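Below: one structure, written as structure tokens.
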Amino acid sequence: MNYIATIGEREIKVTVEEVGVARYVVTGDGKGHLVDAHQVQDSVWSILYGTNSFEVDVQRRGDEYEVLIDGDCYKFTLMNEQLKALSRAGGKAAAGKALVTSPMPGKVVKLLVAEGEEVKSDQGVIVVEAMKMENELKAAVAGKVKEIFVKEGEVVESGAKLLLVE
Amino acid sequence: MNYIATIGEREIKVTVEEVGVARYVVTGDGKGHLVDAHQVQDSVWSILYGTNSFEVDVQRRGDEYEVLIDGDCYKFTLMNEQLKALSRAGGKAAAGKALVTSPMPGKVVKLLVAEGEEVKSDQGVIVVEAMKMENELKAAVAGKVKEIFVKEGEVVESGAKLLLVE
Amino acid sequence: MFRKILIANRGEIAVRVERACREMGIRTVAVYSEVDRHALHVRCADEAHLIGPPPATESYLVIDKIIGVAKQSGAEAIHPGYGFLAENPLFAERCEKEGIKLIGPSAHSMRTMGSKTLARKTVQAAGVPVVPGTVEPIATEEEVLRISKKIGFPVMLKATAGGGGKGLRLVKTEGDLHSSLRMAKSEAKSAFSDDSVYIEKYIENPRHVEIQILGDRHGNYVHLCERECSIQRRHQKVIEESPSVIITPGIRAAMGKVAIEAARAARYEGAGTCEFLVDQDRNFFFLEMNTRLQVEHPVTEMVTGVDIVKEQIRIAAGERLSLRQEEVKQTGHAIECRVYAEDPDNNFMPCPGLITSLRTPGGPGVRDDSGVFEGFEIPIYYDPIISKLVVWGKDREEAVARMKRALNEYVVTGVKTTIPFHIRVMNNRHFLEGNFDTNFIDRVFFPEERERELPHFEVAVIAAAVQLYLGERKRAIAARPVGTGEPVSMWKYSGRPGMPKIL
Amino acid sequence: MFRKILIANRGEIAVRVERACREMGIRTVAVYSEVDRHALHVRCADEAHLIGPPPATESYLVIDKIIGVAKQSGAEAIHPGYGFLAENPLFAERCEKEGIKLIGPSAHSMRTMGSKTLARKTVQAAGVPVVPGTVEPIATEEEVLRISKKIGFPVMLKATAGGGGKGLRLVKTEGDLHSSLRMAKSEAKSAFSDDSVYIEKYIENPRHVEIQILGDRHGNYVHLCERECSIQRRHQKVIEESPSVIITPGIRAAMGKVAIEAARAARYEGAGTCEFLVDQDRNFFFLEMNTRLQVEHPVTEMVTGVDIVKEQIRIAAGERLSLRQEEVKQTGHAIECRVYAEDPDNNFMPCPGLITSLRTPGGPGVRDDSGVFEGFEIPIYYDPIISKLVVWGKDREEAVARMKRALNEYVVTGVKTTIPFHIRVMNNRHFLEGNFDTNFIDRVFFPEERERELPHFEVAVIAAAVQLYLGERKRAIAARPVGTGEPVSMWKYSGRPGMPKIL
């Protein structure tokens, strides 16, 4: 199976071929490697890459990956080659960025803007408190605040829609 | 709901009444107690008995319980009152004891008896090795070896039938 | 000795105190809010009492509730841990009035030293050098502006009742003043129920070094040497060690003497800490005294062999100090990393949530003071600290190597933690050389990190690709029509020359 | 110093050695059998090589395979841990021949000391007191019987190549001889690939005390004081401590001197242990020398601050000992409990299987040397040891209290472990008084335990009843017809006056 990893501006084609129980040949940029991969604890994998042993924590949100190895965090996107081609054809949904969501569970302590207000890109729009720290969340794009989905004092889940800028 | 606990020769009637989320009134021998019980880790429960806090590991095999509290092991049987009554009416299946089973996963290293051989109660009949220790298993009843279900060298699971004495 | 102690706290510090009590044969009484029924401090206690809804202002901070449980359970003493009511003189007074021994200093000492402004006055009078600034809390924004201009920017805004980096803001220019003051006051209000702040001159590139002291009610004092706490992020300590590489035996003795004098001036009883700023010429300035057990006390325990919590309890019971100054020996080197539920790769965003798997490091010289376990859900209402990882080594080099090793063994999934951040610090050249000040993390470390090349991108992508492959294969198998032998339906569409076989 | 070391072992000891290497900046090469792919020692290593099927005789004990991996990976040295090839002189010779440094003594020292009979000869010649018995392995049952009668029952049968309680049988009467000999030889064969045994007079009620020594190739030796190892079950150590309550400074010095002389006589290099029996008059007899790292080495590490594994590696690299005898200080008290996957409430039956949940103890003075993690399946093929829990306290009283506290925190589910057994020992009056010998567990402790009343039967039954109730309710809900609102179907049959409501 073929995948495309996107690291910053760079794209790498990766091919995974299963050659035995928990054993794969993985080809990236033309080189083939024998990989022995076992999920040992929740999102943690024990990877033997050749004979080199790595403990790898693979976290995924949609096509976006954050992989921890030896305390370093590797961020990239990874897609099936065909889906990638489809998504290219369809173009990007740029509007997504106008939605401000809560990156963690917490409590809305202050709305810094009102509906209809004009905001600049990177302007603080809402303060969410979790674990006794106040976190000011910013608008990713400039525009007008179209809708506010929460009230001050409300407890929100991770990923909750907070407000929409257009 | 009513249960009968059997500890050695003694029987205790226990009544469990749910009075709230994870809260119960438990009545044993006429006394009622408020109990707050939460399963916190696999077979481990955090029990608040009144305000006393206990960490309790409840292990069950059929009607037989082994409960660990502060390093002590409490062994008893516990049955629903009605099932207990049914089982009393039906009498005990005494023949069950004639079956020798493996108490752990391991490897059969030696059969000490042959089919048809007479054995005494408590006589060693088979040696199972696990973790480099040889364990001689004994017949629980006297009688004739009716059937042997395993061969020397065979790897067996926990609870596997080894041989039958009649 | 007490037979029963109530612990008016939660999380790792409540567990720490329970451990000391249990080893001393003292029964422990835990209190818990509605979200903390499963918490480790409830599981480990001998008794546990529900004291209200999740917000601390309705549970852990309610003096009446704590006192009520103490009386109901027959606890003779209360250990407040750190945070919550630990430095609240009203609570100390109430305990005194109710005849319950608070394990800590008297309300008088707490008031003297707990108020940063009064503390500055007191120690200044005793000849201790302090950082220039106000000695009174300041109420209005105009006054803050006036004084700041007089001292000269940059200045620090500090909560009078503060601690733990809460209610603390560096103000570099006049333009930042308004929002910084609002944030500092708001945080101070919610953390300490007291929004008053004061101002101090901001000393450039200082090191933060503190002295642990113990004092009994018979007038005996010892200091347990220093802790180096300069590794801070947003003015909050994140890594501490003992000894400090910049402290000579002479400076140690001098700081220890000053710390004891400061404690004596406040008739201080119990365990306390005098914090100092040390400038580039190794002049030291008294910053404040913390009238409680510190988060970082294990660092001192590991190099001195003294169990500080047990000493606190013995002192509170009226016993004399069990050791004299000449018996205090600093052996080897200890380091602590505070493990927070925060995402170091997303601006340290808090990460409450369920711990889906956990592997704690072990082996020689490793101590883990944790408040969590696998399957525990970290609530949103409290501090993000989930554990303190502490190591001991025969020297700093061994301690750093051991910490790196232990951090690499530490697995927490389900929530992000600061473990990766600590690994990166342990690998940093300046940290290894002991060459840093309180601005190191923000000004040196983060910029260097942004430039650093990551060595294992290939492995990361391969691991992700294998995971994605297996996920797709699993879905393909699940999606195949009933009765079909082979999981090919989704896969055959990608069939073409050179396509890998699926085994 | 070596750049890469192969660890020819598995489980907790492989992880222990990897930790030392990692802290020293040395790359580690793990070997693993087919059932050990998920094992912690594979996860923690820098490289890992598959060496064959599960039985040790086809993997961990195959010299050719180990040597092959060492050469292929470029490892300059091999650490054998304990057990497996650790005391096999053929392996030592092979390493010498291949130019790979075995971290341990030479084949010559191993042969001298590893064969118990030759060791007895050697030290006896140096004037060291030994236990009466044979100095040659004995082959036939007739000869065993003849010699036993001559020495007088009871006697001990011991595997010549033995260790770790394997291949060891106490024979009380002539009638027991046949089956004991068969079992001893069979165990010795499978554990050491050598079924030869010898005989020793059985000393009544002795204590087992051993001396840890270190020697370098430059002729320097130190001893790291004693370990008390009298708490044994079936002649296998289960709890060890340092110091021993019966050892005075005078006896310690005398035993240390003898141990060093014994090591010197064999031109011993590396870490080793001289075991002694101490009789009721505190006479000590050399028992045997273990030419390897001991399971219980952490006890010594905690009271001396010496990292024995790192010393082994430095010595193997040709360095001089890093400390002199006068620098060795025994500080405080340490205790180790060996946690086995065995059921103490079912005759210590082995319990391999899946660890379904795990909580490791933490806090001050606690060290856990584990080879497992939550989700690991303990295989049937190897030793039942899963972890060693070690504590340090400022004195024996604190160490025992701390061990009890730590054991109570230790949660392992899915497999039974000996943790409850250890808690009971920590509560035993004789143990607390330090009043025991090597027969204590079997002759005193178990009979006392059978008489002891358990205090919490009520809580145990209540917990089980609540669990059963919830299980029944869950099944009742699952069994209800689709569309029925209330989970009553199974429950209504028990409806009668006074029946509890179901909420």
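For the reader, a short list of remarks on this structure follows.
- In chain D, the longest principal axis of the Cα atoms and the axis of helix D:11-24 are about 70 degrees apart.
- Set of lysines with alpha-carbon distance to B:Lys161 below 17 Å, sequence-local pairs under 8 removed: B:Lys97, B:Lys107, B:Lys110, B:Lys138, B:Lys144, B:Lys146, B:Lys151
- Our Cα-only numbers for region D:207-449 put the radius of gyration and Dmax at 18.0, 52 Å.
- Counts of other chain beta carbons within 10 angstrom of each beta carbon in peptide C:345-355 average 5.
- Against the main long axis of the alpha-carbon atoms of chain C, helix C:457-479 sits at an angle near 60°.
- Computed over all pairs of different Cα atoms, the Kirkwood value for the hydrodynamic radius of region C:4-103 is 13.0 Å.
- Inter-probe distance in nm under a simple model that places probes 7 Å from Cα toward Cβ, at C:His218 and D:Leu145: 7.2 nm
- Loop exposure criterion: trypsin sites (Lys or Arg not before Pro), DSSP state outside H, G, I, E and B, at most 14 other Cβ atoms within 10 Å. Applied to chain A, the longest stretch between such sites is A:1-91.
- Per residue, the convex hull volume that the Cα atoms of region A:2-80 enclose (Å³): 102 Å³
- Chain D versus the axis that turns it onto chain C: the residue with the nearest Cβ and the distance in whole Å amount to D:Thr360, 2.
- Folded to 0 to 90 degrees: helix A:81-90 orientation relative to chain A principal axis, Cα: 30 degrees
- Looking at the protein assembly as shown alone, DSSP beta bridges between its own residues are antiparallel in about 90 percent of cases.
- By definition, a body whose alpha carbon gyration tensor gives a ≥ b ≥ c is prolate when a/c is 1.5 or more and a/b is larger than b/c, and region D:136-254 fits this prolate description.
- Here each label is just a point 7 Å from Cα along the line to Cβ, and for D:Glu174 and C:Leu170 those points are 8.9 nm apart.
- Share of pairwise Cα separations in region D:125-185, more than 20 Å, in percent: 24 percent
- The GluC sites (Glu not before Pro) of region B:1-89 meeting both criteria, a DSSP state outside H, G, I, E and B (loop) and at most 15 other C-beta atoms within 10 angstrom of the site's C-beta, are B:Glu9.
- For the protein assembly as shown, the Kirkwood hydrodynamic radius from C-alpha pairs, put into Stokes-Einstein at 25 °C and a viscosity of 0.890 mPa s, yields a diffusion coefficient of 72 µm² per second.
- Shape category assigned to chain D from the gyration tensor of Cα positions, a/c cut at 1.5: prolate
Bear in mind that the values in this text are calculations on the coordinates, not laboratory data. Note that the structure is a prediction, hence the values are computed from the model and not measured. Backbone-built Cβ (ideal geometry, glycine too); neighbour counts: all protein chains shown.
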